[in-house]
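Before any comments, here is the structure.
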Amino acid sequence: MRVIWILCAISAAQSHDLKIINSKRYLTIDEMYKALKILAARAPGSVEMKSIGNTYIKGKTFQHEIYLITIGNKKIQFIFDCGIHAREWISPATCLYLIQRLIQNFEANRLYLEGTSEFPGRRKKVSLFNYQWQFVPMVNPDGYMTTHQKDLEGEDIHRLHRKNRRPRQAMSNLSKKMKEHCEDEGGCEGVDLNRNFLAGWGKGHKDFEVDSKKPWTSVYKGSHPISEPESKALHDHINKKKKKNYSALIPL
């Protein structure tokens, strides 16, 4: 009980410096990345922030980095991916909250251990510190940016955007009929990143198998698995180690 009380006291003392994220509203992508960089700079002993890819696509005039947040240094790892569907703002908001709370607790624990060895080994009883916590806090930053752009009155095109921002002109393997439909009707920008992975690519209910081939639907699977820079960044990070120590891969 005394260890827990000391940790709580340290956490409270540090909470001001590490309470960066405004949880009263949904942040823009720039605000989110700025907050994460501040947290990483203020707690370098507990957290690492690095880029695992970016959203560059030839023909697109903008791009964002895709970041990995790592908290702790244990071999057994949990990894969370967040914000894969642009319009689902609660996903990255939840991850930001978890990231901030974990950093606060890891920093409190680190400072306690550096300050005294009065209770050796007691830390192992707190399972939180026996794992490494990894987050990709925003898998789809381009799409998320779009959902924060103002719509014309009576429209919800931007706010309800779901896919990434692959330009229609950068889509390969479209038939002439599909191209004509896109030119006439629009709505063909982007790939549903959640349907772009190797596992079960294009498989499912018969209606989905049809719709996922159409670039104007919200479930367009892309020209081939891992065709998108966002899905490739996450795929490559998860598969880069021959010996994987992930206890869980958790999409939020």
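The values are calculated or read from the model by the stated rules, or taken from the named source; none is laboratory data. Model, not experiment: these values are computed from the prediction. A quick note on method: Cβ atoms are made from the backbone with ideal geometry, for glycine too, and the neighbour counts reach across all protein chains shown. Ligands, DNA and RNA are stripped out before the accessible areas are found, and what is left, the full protein with its side chains, is counted by its heavy atoms. Shrake-Rupley method; radii C 1.70, N 1.55, O 1.52, S 1.80 Å.
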**Request:** Please specify each residue of segment 83-117 satisfying the condition of being at pLDDT below 95 and of a type in the set (Ser, Thr, Tyr).
**Result:** Tyr112, Thr116, Ser117
**Prompt:** Filtering segment 67-118 down to residues that are among the basic types (Lys, Arg) and outside any loop (DSSP other than H, G, I, E, B), which residue is most open to solvent (accessible area, probe 1.4 Å)?
**Reply:** Arg101
**Item:** Selection from segment 41-56 of residues that are farther than 19 Å from Tyr112 by Cα and either surrounded by fewer than 22 Cβ atoms within 10 Å (Cβ to Cβ) or of a type in the set (Gly, Ala, Ser) (or both)
**Value:** Ala41, Glu48, Met49, Lys50, Ser51, Ile52, Gly53, Asn54, Tyr56
**Residue list for segment 57-66, filter: open to solvent by less than 60 Å² (accessible area, probe 1.4 Å) and touching a Ser or Thr at 6+ places or on another chain (Cβ under 9 Å)** = Phe62, His64, Ile66
**Asked** If you go through segment 232-251 one residue at a time, do you hit one that is without any contact (Cβ under 8 Å) to a residue 24 or more places away in the chain, exposed (fewer than 15 other Cβ atoms within 10 Å of the Cβ) and under 19 Å from the mean Cα position of the chain (by Cα)?
**Response** yes
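Results for (1) within 15 Å of the chain's Cα centre (by Cα); (2) at negative phi, shown as yes or no for each residue.
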position: Ser46; (1), (2): no, yes
position: Lys50; (1), (2): yes, yes
position: Gly53; (1), (2): yes, no
position: Lys58; (1), (2): no, yes
position: Thr61; (1), (2): no, yes
position: Tyr67; (1), (2): yes, yes
position: Asn73; (1), (2): no, yes
position: Ile90; (1), (2): yes, yes
position: Thr94; (1), (2): yes, yes
**Message:** Yes or no: segment 167-176 includes at least one residue that is among the small types (Gly, Ala, Ser), surrounded by fewer than 15 Cβ atoms within 10 Å (Cβ to Cβ) and over 23 Å from Tyr56 (Cβ atoms).
**Reply:** yes
**Asked** In this structure, does Phe135 turn out to be aromatic (Phe, Trp, Tyr) and touching a Cys at 6+ places or on another chain (Cβ under 7 Å)?
**Response** yes
**Asked** When segment 187-209 is examined, which residues are found to be surrounded by 12 or more Cβ atoms within 10 Å (Cβ to Cβ) and either hydroxyl-bearing (Ser, Thr, Tyr) or assigned to a helix (DSSP H, G or I) (or both)?
**Response** Leu193, Asn194, Arg195, Phe208, Glu209
**Request:** Tell me, yes or no, whether segment 20-36 has at least one residue that is part of a helix (DSSP H, G or I) and at pLDDT below 95.
**Result:** no
